[in-house]
Amino acid sequence: MGTLKTFFKDTFIYGLATVLPRLMNFVLVPLHTEKLATTSYSDNTTFYIYAAFFNVLLTYGMETAFFRFFSTGDDKGKVFSTTLLSLTVSSLVFLVLVLGFNAPLAEFVGLRKDYFNLLIGVLVLDALVVAPFAYLRATGRPIKFTAIKLANVAICVILNFFFLWAIPYFGLNFPGYDTDDLVQYIFIANLAASIVTLLLLTPYFFRVKWQFSTPIFKQLWNYGWPVMVAGLAFVINENFDKWLLPALEGKAINGAYSGCYKIAVFMTIFIQAFRLGAEPFFFSHAKAANARETYARIMKYFVICGCLVLVLTVAYLDFFKQLIVRDPSYWIAIDIVPIILLANLFFGIYFNLGVWYKLTDKTRYGMYISIIGAIITITFNYLMIPRIGFMASAWATLAAYGSMVLISYLLGRKHYPIPYDLSRIGAYIGLSALACFFSYRYNDNYIMGTAIVLVFLGIVLLFEKKELQMFFKHRTDTTIIK
C-alpha cells in the first residue's frame, strides 16, 4: 500500500500541472463558442488537428523513450543530452525546410499561409521544450514543472481574453485589429505562450554537458519510432472525425460537434493527470517484487475514478452544456457527449494496459494496435457518416478504443501477464454505463442525477471498503485500526 500511496501522491502533484492549466483553458471554450461562429470554430479545430499531428512527428517518440532509458541507464546525463540534441537539431531543420515551402504546404493542408506560419512556430517551440519538461518529470521536480505549465496557459488565456473580449468590449485602439478574423488571435496567443515557455526552460539547454551518443540515440530511436507511429494513429482516432466532417457534413456541423466534444474535457483532464504520474512510475517500479500486483490495483482504481467522472458529467450534462458551450446553436451535437466520455475512458484503460509492451521493449505492438484502431476509425467514419451523420464519429471513437483495449489485454496476457480484477472492472464499467443511460434521459433533473451518482458511489464503497481503509490509514501497516 505504501507504493500505491507514493504513486497517487506523485500523480496528484503532476496532475495539478494538467488540471489547473486545463481549468484555465476551460474558460476559453465558452469564450470561443460565444465569439466564433460554428464555421470559424471549425477552422480553429482544424488548426489544432494539424498541430497534434505534426507534434507527434517532431517528437518521434523521444519523450517515452527518454523515460525508459533515463530510469534504467547508467549515464543519465548522456541520455538527456542526446535526447535534447536530437530534438533540437531535428526541430530546427524542420523549421528551415518547411518555411522554404510554406506556400504550397499551407495550400496542401487547407490553411491560410499566415495561419500555417503560426502553426509551424508553435510546433517548433513546443518540440524544443519536450526534453526539458521530461527531465523535470524524471528527476522529480513537480513544482517547477507545474509552475511553467501554468505560466504557459495563463499567458494564452489572458491574451485570448484581451484579443477576443477586451478589445471589442472597451473599444480599444489596437493597430491592425480585424474583427472579421478573430480566430487568428487564438493562434497568436498560443505562439506567445510557447515563446515564454521556451525562455523559462532555456537554462536547461546550458546546464547539460552537450554530448551526443550514437549508441544511446539508436536505443532511443528503436524504442521511440513505434511510439511515434502509435501516436500518429492516436491523432487519427482523436481527430479524423473533425477533419472529415467539414467535407461530408459542412463546417457548421463540425463546429457544433467539436464544441460539444469539449464537454468531455473532464475525462481528458483525469486521463492526462494520470498519465503524467503513471508513465515515470511504471518504469521506475518495474523491478519491484510486487510490480504486477501494483499495476493491477492501479488499473482498478483508475477505472473507478474514470467511471465516477463519466457518471458525474452525464448526470449534470444540462448544467455543463450551458456552462461550457453557451451558444444553443452548438447543442445539436450534445448527444455525442456520453459516448465520447466512455470512449475516452477506454483510451485511459488502453494506456494502462500498455505497460506490458513498454516494459518489455515491444513498443511495436503498441504501434500495431493503434494502427488497427485508426483503420476502424477511418472505415467507420467513411461508411457511417453518410448514413447517420455526426453520431457515427462518436461511435467510431468508442469502437476504435474498445477494440484496442481488447487486443492489448489479450496480447498482454501472453507477453506480460498482470492479474487485473476483470470482474470488478467490468462490473464498474457496466454499472456506470447503466447509470449514464438513466441520468441522460433525465439530464435536466438534478435530483435524479444526484441520486444516481450517490447510488454508484455507495456500491463502489460497499465493495472496496476494506481496501480503501487500508489505503487511507495514516499509520504504518502494522498499526491496528480501532
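Name the one entry in Gly255, Gly306, Gly259, Gly250 that is closer than 30 Å to Ile385 by Cβ, over 19 Å from the mean Cα position of the chain (by Cα) and touching a residue at least 12 places away in the same chain (Cβ under 8 Å).
Gly255
Which members of the stretch 70-102 meet the condition of being of a type in the set (Val, Ile, Thr) and surrounded by 19 or more Cβ atoms within 10 Å (Cβ to Cβ)?
First, the residues of the stretch 70-102 that are of a type in the set (Val, Ile, Thr): 72, 79, 82-83, 88-89, 93, 96, 98.
Across the stretch 70-102, the qualifying residues are Val79, Thr82, Thr83.
Output the number of residues of the stretch 95-120 satisfying the condition of being part of a loop (DSSP other than H, G, I, E, B) and either closer than 18 Å to Phe187 by Cα or not aromatic (Phe, Trp, Tyr) (or both).
3
So, restricting to helices (runs of 4 or more DSSP H) that lie completely within the stretch 283-381, which ones have at least 1 residues that are within 30 Å of Arg413 (Cβ to Cβ) and of a type outside the set (Lys, Arg)?
291-315, 336-353, 355-359
So which pairs qualify, if the first residue must be in the stretch 149-175 and of a type in the set (Gly, Ala, Ser), the second must be part of a helix (DSSP H, G or I) and surrounded by 14 or more Cβ atoms within 10 Å (Cβ to Cβ), the Cβ gap must be under 9 Å, and the two must be at least 6 apart or on different chains?
Qualifying pairs under 9 Å: Ala151/Ala193; Ala151/Val196; Ala151/Thr197; Ala151/Leu200; Ala154/Pro21; Ala154/Met24; Ala154/Ala193.
Take Glu107 and tell me if it is among the charged types (D, E, K, R), at pLDDT 70 or above and either under 30 Å from Ala166 (Cβ atoms) or within 17 Å of the chain's Cα centre (by Cα) (or both).
no
In this structure, is Leu95 aliphatic (A, V, I, L, M) and touching a Phe, Trp or Tyr at 6+ places or on another chain (Cβ under 9 Å)?
Judged against the criteria, Leu95 is not a match.
Determine which member of the set Ala147, Ala131 is more than 17 Å from the chain's Cα centre (by Cα), buried (at least 20 other Cβ atoms within 10 Å of the Cβ) and in a helix (DSSP H, G or I). Write out each step before concluding.
Values: Ala147 fails: buried (at least 20 other Cβ atoms within 10 Å of the Cβ).
After applying the criteria, what remains is Ala131.
Checking the condition in contact with a Pro (Cβ under 6 Å, 6 or more places away or on another chain) and modelled with pLDDT under 90, which residue from Tyr440, Tyr446 passes?
Tyr440
Counting residues that are at pLDDT below 85 and under 30 Å from Gly366 (Cα atoms), which helices (runs of 4 or more DSSP H) fully inside the stretch 14-91 reach at least 3?
By residue number, 62-72.
On the basis of being at pLDDT below 90, out of contact with any Pro (no Cβ under 8 Å at 6 or more places or on another chain), within 30 Å of Ser329 (Cβ to Cβ) and not charged (D, E, K, R), does Phe283 make the cut?
Taking the combined requirement at face value, the residue does not satisfy it.
The values are calculated or read from the model by the stated rules, or taken from the named source; none is laboratory data. For clarity, every value in this text was computed on a predicted model and none was experimentally measured. All Cβ positions, glycine included, derive from the backbone under ideal geometry; neighbour counts span all protein chains shown.
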